[in-house]
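See below for the structure under consideration.
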């Protein structure tokens, strides 16, 4: 038997509005639980392959875990619980966030922007020097 | 084949989890092992389903959790709150009432 498909679990929980932080926690707990089950079977002398199969079977159907999570509205993000409020608030928040985006992008990419600025400055100085040399050679040539 | 849970099990994991956590804090795997032990393996859950129940109980304030590093792994330990204790009392009395009713019905079907 295959190992539990935690990737599909992750995708489906995120798609259905479970906040990423909560999804990470759930996956962490399930993966730990799975490892504990494999260890338990291995301690009892079961081969690794069989231990994994037994652990997958005991962990159960991931669809039930998903259904359990989705059955509890409190576990979903607030935008999923209050979609009408989200529809009104998100555009307003975006309106305020939009002018700040270039500043945020600049701050978060400061080292790259500094390198780019320095390169541009050097290129400008080089071009100016070349033009000056050309101009002087015309004047005194 | 992966284990699934019969429909009549609805509410049972919650009651068992609250009862076990009333005694001491535990993490998921430990809780499932305790359920198997205290029920004499009569109740065998698809073990993953306890996490939605635990998270939902935590969200409604019946449980609180904390992370604890044990043997190189970070465990999430759950403990009962005062609200959880009240919830356990309610569920316990509901359970006794239902159990009594079903026992009566099974023993005296003509009265059912």
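The values are calculated or read from the model by the stated rules, or taken from the named source; none is laboratory data. Predicted model only: the values in this text are computed from it and were never measured. Methodologically, a virtual Cβ is constructed for each residue, glycine included, from the backbone with ideal geometry; neighbour enumeration extends over all protein chains shown.
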Residues of region A:1-51 being in a loop (DSSP other than H, G, I, E, B) and either in contact with a strand residue (DSSP E or B) (Cβ under 9 Å, 6 or more places away or on another chain) or touching a residue at least 60 places away in the same chain (Cβ under 8 Å) (or both), in sequence order, are A:16, A:17
_So, residue A:131, is that one over 30 Å from residue B:57 (Cβ atoms), at pLDDT 90 or above and in contact with a helix residue (DSSP H, G or I) (Cβ under 8 Å, 6 or more places away or on another chain) or not?_
no
Report task. Take residue A:116 and decide whether it is modelled with pLDDT of 90 or more and surrounded by 11 or more Cβ atoms within 10 Å (Cβ to Cβ). Result -> yes
Residue B:75: passes all of (1) within 13 Å of the chain's Cα centre (by Cα); (2) under 23 Å from residue A:10 (Cβ atoms) but (1)
Only unsatisfied item for residue B:67, checking (1) surrounded by 14 or more Cβ atoms within 10 Å (Cβ to Cβ); (2) free of Cβ contacts under 8 Å to residues at least 24 places away in the same chain; (3) under 18 Å from residue A:23 (Cα atoms), is (1)
Taking region A:42-57 and the residues there that are touching a helix residue (DSSP H, G or I) at 6+ places or on another chain (Cβ under 6 Å) and surrounded by fewer than 19 Cβ atoms within 10 Å (Cβ to Cβ), the one that is farthest from the other protein chains (Cβ to nearest Cβ) would be A:42
Exercise for review: Please work out if residue B:81 is farther than 28 Å from residue A:60 by Cα and touching a strand residue (DSSP E or B) at 6+ places or on another chain (Cβ under 9 Å).
Suggested key: yes
The residue from A:20, A:91, A:99, A:83 that alone is modelled with pLDDT of 90 or more and exposed (fewer than 14 other Cβ atoms within 10 Å of the Cβ) is A:20
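Quick grid of which residues meet (1) more than 13 Å from chain A (Cβ to nearest Cβ); (2) outside any helix (DSSP H, G or I); (3) closer than 13 Å to residue B:17 by Cα; (4) touching a helix residue (DSSP H, G or I) at 6+ places or on another chain (Cβ under 7 Å):
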site: B:52; (1), (2), (3), (4): no, no, yes, yes
site: B:58; (1), (2), (3), (4): no, no, yes, no
site: B:61; (1), (2), (3), (4): no, yes, no, yes
site: B:65; (1), (2), (3), (4): no, yes, no, yes
site: B:74; (1), (2), (3), (4): no, yes, no, no
site: B:84; (1), (2), (3), (4): yes, no, yes, yes
site: B:90; (1), (2), (3), (4): yes, no, no, no
site: B:93; (1), (2), (3), (4): yes, no, no, no
site: B:96; (1), (2), (3), (4): yes, no, no, no
Screening A:118, A:67, A:100, A:79 for residues that are touching a residue at least 12 places away in the same chain (Cβ under 8 Å) and not in a loop (DSSP other than H, G, I, E, B) leaves only A:79
In region B:24-36, anything more than 9 Å from chain A (Cβ to nearest Cβ) and out of contact with any strand residue (DSSP E or B) (no Cβ under 9 Å at 6 or more places or on another chain) is listed as B:35, B:36
Within region B:37-50, the residues that are under 11 Å from the mean Cα position of the chain (by Cα) and at the interface with chain A (Cβ under 10 Å from one of its Cβ atoms) are B:45, B:49, B:50
